[in-house]
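Since the structure comes first, as structure tokens, the remarks are kept for the end.
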Amino acid sequence: MDHAAAVLSPRSPEQQPKVADFHSAHREVEEALRAVVGELRAEHPGDGELWSRLIELHQVQRELVEQRLVQRLEALERVRDALARLRELGPVSEILRHGASALSDSSGLDRVLLSQIKDSRLLPVHAHFRDDEDGAEAAVEALREQPLALEYPVVEAELTRRRRATIVAAGTNRRARPPLPIADGRSYVAAPIVLDGAAIGFFHGAHADRDVDSLERDAVWAFADGFAQVFERAVLRRRVREQRRQLRELVDWTDAMAAELSEGAIELEVASEPAAPPAEVDGSRLAELLTRRELDVLRLMARGDSNKAIATELVVSEGTVKFHVKNILRKLRAANRVEAASRYMQMTGR
């Protein structure tokens, strides 16, 4: 009766069970239920008050389950919001830099480590320790100097095959060398980051002063799954941008080549290899050596304009200007832009 009465006693909002206390709260209710049932069977058959307390205990248990469900939904909502903010960061480097802190903020974990899998070892990417930046840097440095080998009996080695998150109990990886610099003898969550069916990294989360629970495990798992999609999308965007840049350079080169061919004089003569220009070229031959557009570029080079400024002046792309500059240096046998500009000024008397 005393135990059941303690469970059923009114609680203030401050006394309501927190996330970390839910397992103990459930155990407390179950023990009280067993105690009441035992009394009903052994000593007080037909006692109405005990039956009432039994019903109340069932109600408390149901409320705990409902509250747990609400907290789970709220945790998943925070995870979705954190992933949405990560997605807006854009560059891959920013996503990797903020991934650990985003998980910490959304899950409430004090310590989060993001690592990549390379050559069957865990290599640190970034760590976030709440209110302990030095500790985060030390954890990254320790794991960088001695990466964790993903082999038996390390739990993470099995998780790469199972591709699911789990709570690693304190001391489970005690045979691993080196130990994971995050848990400090407490349990922690390990969740693989999976892309195309293969684990490419891990999120590890822990608290500084207590063990983790199943709600935090599920939050980390959901975050790791969403993070993989955000990361993949960012990588693909970067590849597309790089391909576009290469295509633009190719188009600029093609335009410049076409312009040079179309501006060159066409004469009725037997084709022969063009003679290399002499080391010193006088002004009378400058127009023969360079196309009209190359002369424009050289004039602006001599004025001290950069490629970007020349491109703006001539209303062409910077890639086109680079192509012309390369041809100018070759035709004038100049080692660099300064030498080419100097020769231009000498030849034109400017």
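General observations
- Approximate spin-label separation E56-A335, in nm, with each point projected 7 Å along Cα-to-Cβ: 9.6
- Derived scalar couplings ³J(HN,Hα) [the range 93-99; Karplus, 6.51 cos²θ - 1.76 cosθ + 1.60; whole Hz; x for Gly, Pro]: 4, 5, 4, 5, 5, 9, x
- Surface listing: D132, D196 arranged by accessible area from highest to lowest gives D196, D132, probe 1.4 Å.
- Label-point gap, in nm, between E232 and R97 - each point 7 angstrom along Cα→Cβ: 2.6
- In sequence order, the range 131-136 has phi-based couplings of 6, 8, 5, 4, x, 5 Hz under the Karplus curve 6.51 cos²θ - 1.76 cosθ + 1.60, θ = phi - 60°, and Gly or Pro positions carry x.
- In order along the range 313-330, the phi-based Karplus estimate (6.51 cos²θ - 1.76 cosθ + 1.60, θ = phi - 60°) of 3J(HN,Hα) comes to 5, 8, 6, 9, 7, 5, x, 5, 4, 4, 5, 5, 4, 4, 5, 4, 4, 5 Hz; Gly and Pro are listed as x.
- Probe 1.4 Å, accessible area per residue of the range 79-149, Å²: 50
- The slack between D134 and R299, meaning 0.36 nm per residue of separation minus the straight C-alpha distance, is 53.8 nm.
- Projected label points at Q116 and T312, each 7 Å from Cα along the beta carbon direction, are separated by 3.7 nanometres.
- Using only side-chain charges placed at the Cβ, +1 for Lys and Arg and -1 for Asp and Glu, the dipole size of the range 107-244 relative to its Cα centre rounds to 740 debye.
- L148 long-range amide H proximity, modeled H, under 5 Å: L122
- Cβ-Cβ FRET estimate between V240 and K326, R0 fixed at 35 Å, reported to 0.05: 0.80
The values are calculated or read from the model by the stated rules, or taken from the named source; none is laboratory data. Note that the structure is a prediction, hence the values are computed from the model and not measured. Virtual Cβ from ideal backbone geometry, glycine too; neighbours counted across all protein chains shown. What goes into the accessible areas is simple: the full protein's heavy atoms, side chains included, and nothing from ligands, DNA or RNA. Shrake-Rupley method; radii C 1.70, N 1.55, O 1.52, S 1.80 Å.
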